[in-house]
Amino acid sequence: MGDKPDINPETKVADLLEAWPELEPVLIEQAPMFRKIQNPVLRKTVARVATLGKAAAMAGIDAAELVRVLRQAAGLPDYRASAAEKEKFAKVAAMDPSAPSWVRPERVVETIEADQMLAQGVHPLNKVSSLAARLAPGELIRIESSFPPIPLVEAMKSHGHDAWTRSIGGGKFETFVIGSKE
């Protein structure tokens, strides 16, 4: 393997693609949404923080199976997820079917179209962070995207904001970020 990182659910997508560029088409073949990694902005931002496990969750596919396919294409031994890893990634992939009580449409003060921003070469995280810092208690930001923005949600939570994502059908997701709870 040499200087190349191991391929497992904790491997960052950017690290994988830097070390194993020949695996890009294999990754994209696993889920259509992985085509987004060809966007230079996503490659420099989301791919640097998203692990294969999180990427699999965003795509709605099994993390262990994604890793197995990538390892096989790289000529590495098969990967077997431990019971703890399987449980961890099942939790990441699970989406809460019921909205928290603080998700109320009348409280949305800004809607951000993440895909549109990414197409323009701008990552939405900076805008969401800036807006979230100015939210009054109970006010919401709504983010529309064609993928669950797990790294953005984690960033918001690490800065003390609650965030929640749900599928709205048609391959679309909406994410809500709240200022501070009342």
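The values are calculated or read from the model by the stated rules, or taken from the named source; none is laboratory data. Being a predicted model, the structure only gives us computed values, none of them experimental. Please note: Cβ atoms are built from the backbone with ideal geometry, for glycine as well, and neighbour counts cover all protein chains shown.
Identify the single condition in (1) modelled with pLDDT of 65 or more; (2) closer than 28 Å to ARG166 by Cβ that ARG68 does not satisfy, given that it satisfies every other one.
(2)
Give me the helices (runs of 4 or more DSSP H) completely within region 1-53, filtered to those with at least 1 residues that are touching a strand residue (DSSP E or B) at 6+ places or on another chain (Cβ under 8 Å) and either in the same structural domain as HIS123 (by TED's automatic domain parsing) or at pLDDT 90 or above (or both), ordered by residue number.
Where helices (runs of 4 or more DSSP H) fall fully within region 1-53 and carry at least 1 residues being touching a strand residue (DSSP E or B) at 6+ places or on another chain (Cβ under 8 Å) and either in the same structural domain as HIS123 (by TED's automatic domain parsing) or at pLDDT 90 or above (or both), they are 13-19.
Please enumerate the residues belonging to region 43-57 that are buried (at least 20 other Cβ atoms within 10 Å of the Cβ) and aliphatic (A, V, I, L, M).
VAL46, ALA47, ALA50, LEU52, ALA55, ALA56, ALA57
Quick check on region 68-84. Is at least one of its residues within 12 Å of ALA14 (Cβ to Cβ), not in a loop (DSSP other than H, G, I, E, B) and not acidic (Asp, Glu)?
Within region 68-84, none of the residues are within 12 Å of ALA14 (Cβ to Cβ), not in a loop (DSSP other than H, G, I, E, B) and not acidic (Asp, Glu).
Determine the pairs where a residue that is under 18 Å from ALA136 (Cα atoms), located within region 150-162, has a partner that is at pLDDT below 85 and surrounded by 12 or more Cβ atoms within 10 Å (Cβ to Cβ) with Cβ atoms under 8 Å apart, the partner being 6 or more residues away or on another chain.
Partner pairs satisfying both residue conditions: GLY160/SER180; HIS161/GLY179; HIS161/SER180; ASP162/PRO100.
Could you go through region 163-170 and let me know if any residue there is at pLDDT below 90, in a loop (DSSP other than H, G, I, E, B) and not assigned by TED's automatic domain parsing to the domain that holds PHE34.
Yes, the conditions are met somewhere in region 163-170.
Could you list all residues from region 139-161 that are part of a loop (DSSP other than H, G, I, E, B) and of a type in the set (Ser, Thr, Tyr)?
Scanning region 139-161 gives a single hit, SER146.
Looking at ILE28 and the list (1) touching a Phe, Trp or Tyr at 6+ places or on another chain (Cβ under 7 Å); (2) under 16 Å from ILE150 (Cα atoms), which single condition is not satisfied?
It is condition (2) that ILE28 fails.
What number of residues within region 118-134 satisfy the criterion of being at pLDDT 90 or above and over 17 Å from GLU154 (Cα atoms)?
Residues meeting the conditions: 1.
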